[in-house]
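Before any comments, here is the structure.
Please treat every number below as a calculation from the coordinates, not as lab data. Since the structure is predicted, the reported quantities are computational estimates derived from the model, not experimental observations. Cβ coordinates were reconstructed from backbone atoms using ideal geometry, including for glycine residues, and neighbour counts include every protein chain displayed.
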Amino acid sequence: MIAVGSGKGGVGKSTVAASLAYGLQSLGAKVGLLDADVYGPSIPHMTGSTGKPEVREHLNPNGSVVQRIHPVEHDGLKLMSIGFLVPEGEAIIWRGPMLHKMLTQFVAETEWGELDYLIVDMPPGTGDVALTLSQMLSLAGAVVVCTPQKVALLDAVKAIGMYQKVNIPILGMVENMTGEIFGRGGAEQAAADQKIPFLGEVPIEAEVRICGDERRMKDLFIEESKSKAALESICARVAMEAAKVYFKKPATTTLEILQ
Ligand SMILES: Nc1ncnc2c1ncn2[C@@H]1O[C@H](COP(=O)(O)OP(=O)(O)O)[C@@H](O)[C@H]1O
Ligand SMILES: [Mg+2]
């Protein structure tokens, strides 16, 4: 289970999370994508998935019946998002305990099946929801997304600090929107300063924005895509870093809720 976090919103967290899901899938993995950004769920839109999670009854070995949530299947990915439960464009105005309950259900009561990776698009920042989630999920590690400017990097360093405080390994940093406007290399330098891996950069490219807006993030992985090589390279680096930490600690096959 890999969290994709950031110091603030709008830096491309969902773009990177969706790209990791599609990219790892194209490398042959079975992937789920949990949209835990309760403030701005954008995975349903970006992937173009319109289904609804279904609640089905399951029979326990001891004969009791439990209700399990089935994620939406789309493009071969298993998706779960608060965005499937509220109409697009409607604000989610729940307070902390409600959000906590919903996210717990997404993790503990969802029938994810056998997955190689579950990518979690985290809420931005280091607030209550991000912190609770990081402690609740049994994460292999976190990928921190950042844009190249110094001002954005300050927030990213705070996000790194939050994960480290709750003992979640940092798989590394991704620089997004690299290019003329925001500059280049800031995240790589910050990663070096923090002694964490640098996972690569995603250049600022109209097609990235267009594919997200037009509900077809999958198209970033077609042959003609200008961003394909950069994204695939990041996916491979993430897989490698995740493998390193995964094999260092005892394997967990079930989701552990640490409450
Ligand atoms: N590398 C990029 N090039 C161009 N546009 C991008 C890039 N990365 C993200 N975007 C666009 O920037 C906006 C914010 O990205 P998003 O992934 O929604 O950020 P976050 O989830 O961090 O709030 C979206 O419209 C997205 O399509
Ligand atoms: Mg987002």
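For the range 125-142, the condition holds for no residue, the condition being that it is within 16 Å of ligand 2 (Cβ to nearest atom), part of a helix (DSSP H, G or I) and of a type in the set (D, E, K, R). Screening Pro41 with (1) touching a residue at least 24 places away in the same chain (Cβ under 8 Å); (2) closer than 21 Å to Ala243 by Cα gives one miss only, at (2). Could you tell me which numbered condition Leu171 fails, if it satisfies all but one of (1) within 18 Å of the chain's Cα centre (by Cα); (2) near ligand 1 (Cβ under 10 Å from one of its atoms); (3) crowded, with 20+ Cβ neighbours inside 10 Å? All conditions are met except number (2). For the range 196-208, the criterion of a residue being over 29 Å from Glu224 (Cα atoms), of a type in the set (A, V, I, L, M) and assigned to a strand (DSSP E or B) is satisfied by no position.
Only one of the numbered conditions (1) in contact (Cβ under 8 Å) with a residue 12 or more places away in the chain; (2) surrounded by fewer than 17 Cβ atoms within 10 Å (Cβ to Cβ); (3) closer than 16 Å to Tyr22 by Cβ is violated by Ile210, and that is (1). For the range 2-119, the helices (runs of 4 or more DSSP H) that sit wholly inside it and include 1 or more residues that are away from ligand 2 (no atom under 16 Å from the Cβ) and surrounded by 16 or more Cβ atoms within 10 Å (Cβ to Cβ) are 13-26, 96-108.
Pairs are defined by a Cβ separation below 8 Å, a sequence spacing of at least 6 or placement on different chains, a first member in the range 167-185 that is over 20 Å from Ala142 (Cβ atoms), and a second member that is basic (Lys, Arg); the pairs so defined are Thr178/Arg184.
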